[in-house]
1. Quick check on residue 97: is it under 29 Å from residue 26 (Cα atoms) and of a type in the set (Val, Ile, Thr)?
2. Would you check if residue 6 is out of contact with any strand residue (DSSP E or B) (no Cβ under 9 Å at 6 or more places or on another chain), in contact (Cβ under 8 Å) with a residue 24 or more places away in the chain, part of a loop (DSSP other than H, G, I, E, B) and surrounded by fewer than 16 Cβ atoms within 10 Å (Cβ to Cβ)?
3. Considering only residues that are under 27 Å from residue 78 (Cβ atoms) and either among the hydrophobic types (A, V, I, L, M, F, W, C) or in contact with a Pro (Cβ under 7 Å, 6 or more places away or on another chain) (or both), which ones fall in segment 16-53?
4. Hey, could you check segment 134-145 for residues that are of a type outside the set (A, V, I, L, M, F, W, C) and at pLDDT 95 or above and say which is surrounded by the most Cβ atoms within 10 Å (Cβ to Cβ)?
5. Any idea which of 97, 91, 58 is polar (S, T, N, Q), in contact with an Asp or Glu (Cβ under 8 Å, 6 or more places away or on another chain) and under 28 Å from residue 126 (Cβ atoms)?
6. Of all residues in segment 95-133, count the ones that are among the aliphatic types (A, V, I, L, M), farther than 23 Å from residue 47 by Cα and buried (at least 21 other Cβ atoms within 10 Å of the Cβ).
7. What is the number of the single condition among (1) at pLDDT below 95; (2) in contact with a strand residue (DSSP E or B) (Cβ under 9 Å, 6 or more places away or on another chain) that residue 17 does not meet?
8. Look through segment 9-34, keep the residues that are polar (S, T, N, Q), touching a helix residue (DSSP H, G or I) at 6+ places or on another chain (Cβ under 9 Å) and in contact (Cβ under 8 Å) with a residue 60 or more places away in the chain, and return whichever of them is farthest from residue 133 (Cα to Cα).
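The values are calculated or read from the model by the stated rules, or taken from the named source; none is laboratory data. Worth saying up front: this structure is predicted, and the values here are computed from it rather than measured. We place every Cβ from the backbone using ideal geometry, glycine too, and count neighbours over all the protein chains shown.
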Amino acid sequence: MVTETKHQEIKKDQKYEVQKSEAEWQKTLSPEQYNILREKGTERPFTSDLEENYDGGTYTCAACGNSLFSSDGKFDSGCGWPSFFEALDPTKIVTSTDTSYGMVRTEIMCAKCGGHLGHIFNDGPKDKTGLRYCVNGKSLNFQKK
């Protein structure tokens, strides 16, 4: 479990700036995005168009548009999902301990809408932050510079 990030742990009564009913989320998100962002699903590895995208720009939350990652922080981790060694701003992401599937991991979510993004691990580039934000590509939109 990651403990050295500056992200805030989610609170039980966490309130988000962007709040919609599940019906509203289903109308605004594709079925795959809804499964990932609202139901904490995971896309299959090596299926995201964003995994091999190295154009300059910003990665935003697909649900609410919150700017989360810069192309400057992206790297090829070989894991099959878009990976970043840092967030644009640690306050834009909240974390939670995820004990699903018999593992203990740190889940990352958008701090603006609570959308599930993926997980963060301690196996990122050692010459940078040492962190790997392993993010579902369907939870992101890309805005090219």
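1. When the stated conditions are applied, residue 97 passes them.
2. yes
3. Listed by number, the residues that qualify are 36, 37, 46, 48, 50, 51.
4. Here the answer is 139.
5. 97
6. Total satisfying the criteria: 1.
7. It is condition (2) that residue 17 fails.
8. The selected residue is 30.
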